[in-house]
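The values are calculated or read from the model by the stated rules, or taken from the named source; none is laboratory data. Keep in mind that this is a model prediction, so the values were computed, not measured. Cβ atoms come from the backbone with ideal geometry, glycine included; neighbour counts cover every protein chain shown. Quick note on the areas: whole protein, heavy atoms, side chains included, nothing else; ligands and nucleic acids left out. Shrake-Rupley method; radii C 1.70, N 1.55, O 1.52, S 1.80 Å.
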Amino acid sequence: MNPTDRLHIVKGSITRMATEAVVNAANNQLRAGSGVCGAIHSAAGPQLAIECNAIGWCDTGKSVITDAYNLPCKKVIHTVGPDLRPWAAAKLTDSPERLLASCYDTAIDLAKANSLKSIAFPCISTGVYMYPKAEAARIAYDTIMKRLTSDYDGEVTVCCFTDEDIESYRQLTD
Ligand code: AR6
């Protein structure tokens, strides 16, 4: 199948995705928060927080993998997007663009390393972390397409939650 046919843009909740891996928009401490993270933790059940606490930390732009517990997927890949809220953005160690691209890259790296043939991403950093949605969609799309055309032979789903997110991806794929 050609790479563009292996990218799917859908609207819905990430907790319903039956892909082998689902990506969580996490924080550095891997604590259950709001948004995607809150939805994933409540659908997975309390054991997910126990495993996340044992890992304890993930750098911004990096990813870690856990079991999925009560979720329909096999594994959850937790990635920490750049936080663009003014007090946090000043502390970033690299450009927001490179850090956001690295979230998608490191999550796909883990999917590959664990032989996971399908992965669903939410729109990382575009909620609490305030990354502008259109710009985040362009970075996500470019990074995912690069991997689909080079070394990842699985399927990638971008799971949009809002009409604005879907619109951002439509403009890129039309
Ligand atoms: N399924 C898919 N997408 C969703 C869902 C859902 N159930 N719920 C919200 N979104 P956010 P971030 C969309 O804030 O910006 C948390 O507290 C939402 O519309 O979840 O990376 C973490 O613990 C938005 O487009 O993640 C961190 O502290 C996108 O998901 C922090 O927020 C991302 O919004 C991470 O912030």
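Summary of values
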read-out: Criterion violated by PHE121 - all others in (1) open to solvent by less than 60 Å² (accessible area, probe 1.4 Å); (2) farther than 20 Å from ALA43 by Cβ satisfied; value: (2)
read-out: Where THR79 falls short, out of the listed (1) polar (S, T, N, Q); (2) within 14 Å of the ligand (Cβ to nearest atom); (3) open to solvent by 50 Å² or more (accessible area, probe 1.4 Å); value: (3)
read-out: Selection within the stretch 139-161 - within 12 Å of the ligand (Cβ to nearest atom) and in a helix (DSSP H, G or I); value: ALA140
read-out: Residue in the stretch 90-101 that is surrounded by fewer than 18 Cβ atoms within 10 Å (Cβ to Cβ) and among the acidic types (Asp, Glu) present; value: yes
read-out: Filter pass, ALA136 being under 22 Å from ASN2 (Cβ atoms), within 11 Å of the ligand (Cβ to nearest atom) and either open to solvent by less than 40 Å² (accessible area, probe 1.4 Å) or part of a strand (DSSP E or B) (or both); value: no
read-out: Members of the stretch 105-133 found to be touching a strand residue (DSSP E or B) at 6+ places or on another chain (Cβ under 8 Å), among the hydroxyl-bearing types (Ser, Thr, Tyr), near the ligand (Cβ under 7 Å from one of its atoms) and at negative phi, listed by number; value: TYR129
read-out: Of all residues in the stretch 5-50 being open to solvent by less than 20 Å² (accessible area, probe 1.4 Å), free of Cβ contacts under 8 Å to residues at least 40 places away in the same chain and more than 8 Å from the ligand (Cβ to nearest atom), the one that is farthest from the chain's Cα centre (by Cα); value: GLY45
